[in-house]
1. Is there a residue in segment 186-194 that is within 18 Å of the chain's Cα centre (by Cα), buried (at least 18 other Cβ atoms within 10 Å of the Cβ), at pLDDT 95 or above and of a type in the set (Asp, Glu)?
2. At least 1 residues that are in the same structural domain as Ala16 (by TED's automatic domain parsing), of a type in the set (Asp, Glu) and in contact with a strand residue (DSSP E or B) (Cβ under 8 Å, 6 or more places away or on another chain) in each: list the helices (runs of 4 or more DSSP H) lying fully within segment 163-241 that qualify.
3. For Thr3, which of the numbered conditions (1) farther than 30 Å from Tyr212 by Cβ; (2) in contact with a Cys (Cβ under 7 Å, 6 or more places away or on another chain) fails to hold?
4. Quick one: is Leu268 more than 21 Å from Leu308 (Cβ to Cβ) and either at pLDDT below 95 or out of contact with any His (no Cβ under 6 Å at 6 or more places or on another chain) (or both)?
5. Restricting the search to segment 65-121, which residues are acidic (Asp, Glu) and surrounded by fewer than 17 Cβ atoms within 10 Å (Cβ to Cβ)?
6. Within segment 280-307, which residues are of a type in the set (A, V, I, L, M) and more than 16 Å from His223 (Cβ to Cβ)?
7. For segment 272-287, indicate whether the set of residues that are part of a loop (DSSP other than H, G, I, E, B) and without any contact (Cβ under 8 Å) to a residue 60 or more places away in the chain is non-empty.
Amino acid sequence: MQTKHEILSIEQGVPAYKLTNTCIDERFRITKTVLTDPHRNVLLQKVQFEPIRGNMADYHLYVLLSPHINNRGYENSGWVGDYKGMKMLFAQRASTSLALACSVPFVCMSCGYAGISDGWQDINFHKKMTAYYPEVKNGNIALTGEVDLNTSGGNFILTLAFGENPDEAGLQAKAALLQSFDNILNKYVNEWKRFQSKCYKLGEIRSSELDYYYVSTAVLKTHESKFFQGAMIASLSIPWGETQGDNNIGGYHLVWPRDLVESAGGLLAAGNGEEARRTLFYLMCTQDADGHWPQNMWLDGRPYWGGLQMDETAFPDTTRCRIKADG
């Protein structure tokens with residue numbers, strides 16, 4: 001790696017972060033504030049690029065995006081486009097689309113096949129963008145855009161938005177840019193503080209230290225679906241990810257009833273009974289007619305694997321009895 005890294009939480013128990021990357025040769029520094037829009041399917045990055053040696057005109061800064069839509073790396077298509085006059089990079093696979101936009105227009109944009117014609121290959125070889133492809137279809141792709149450092153003064157915002165079609169993704173990306181970043185951040189922080197206020201307080205901790213208790217409750221909450229309340233996937237990570245491909249898209253990005261119960265139990269232990277009851281209701285809705293739950297399932301209850309595991313059934317049954325007994 002060519003930079004030294006520092007990662008700080010914006011506030012205790014809030015999964016928004018400030019990432020600082022400083023060139024090991026002390027030539028530049030990039031600071032990014034990363035969070036999601038609480039009311040849109042948008043990831044935001046507020047970026048500050050700071051030349052330590054030289055001036056802004058001496059540098060070129062590029063954004064690289066490698067779409068893996070619907071958990072699949074292949075069969076993605078991308079193109080250079082715009083939404084209502086705002087330049088954006090788009091990608092699509094089946095019924096899901098994304099749009100990448102910047103608060104200052106990109107100087108140039110390109111789409112390519114990963115490892116062959118993508119922007120990273122071009123920049124790594126030529127030390128700048130020299131090839132500009134407007135479209136790429138049905139492959140493992142990468143999208144590249146050059147940020148206008150001179151116009152932005154090194155300060156800009158990136159939005160990565162998702163939708164059922166390109167126009168919806170473009171609308172979301174533009175809407176997030178037209179809003180005040182500070183207002184979005186404040187709403188995001190306040191909603192997370194509201195969630196954390198429902199958990200037990202375990203004493204004060206110095207602001208310079210990380211409160212791992214609140215980190216844990218936040219991690220549990222981030223695994224819950226916004227569309228199916230009470231449904232929590234097993235993990236945002238992918239076990240043995242380096243060996244997984246498009247033929248195994250489930251993994252831990254599924255509801256495993258056993259893990260779901262463990263997660264709900266953690267929130268219950270933290271004093272958040274409301275969250276645990278939502279999970280109980282979700283389990284009641286997804287229980288099969290013969291009384292068991294699938295080994296693992298999609299959020300809507302459809303089984304992924306066809307196996308039957310005793311702990312995937314026994315854990316939810318035991319939890320239902322306990323919560324009902326406790327009122």
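The values are calculated or read from the model by the stated rules, or taken from the named source; none is laboratory data. Quick caveat, the model's predicted, so the values are computed rather than measured. Glycine gets a Cβ as well: all are built from the backbone with ideal geometry, and neighbour counts include every protein chain shown.
1. Checked against the condition, which is being within 18 Å of the chain's Cα centre (by Cα), buried (at least 18 other Cβ atoms within 10 Å of the Cβ), at pLDDT 95 or above and of a type in the set (Asp, Glu), segment 186-194 yields no hits at all.
2. Because the criterion is at least 1 residues that are in the same structural domain as Ala16 (by TED's automatic domain parsing), of a type in the set (Asp, Glu) and in contact with a strand residue (DSSP E or B) (Cβ under 8 Å, 6 or more places away or on another chain), the helices (runs of 4 or more DSSP H) in segment 163-241 that meet it are 166-178.
3. Exception for Thr3: condition (1).
4. In short, yes.
5. Glu75, Asp82
6. Leu280, Met284, Ala289
7. yes
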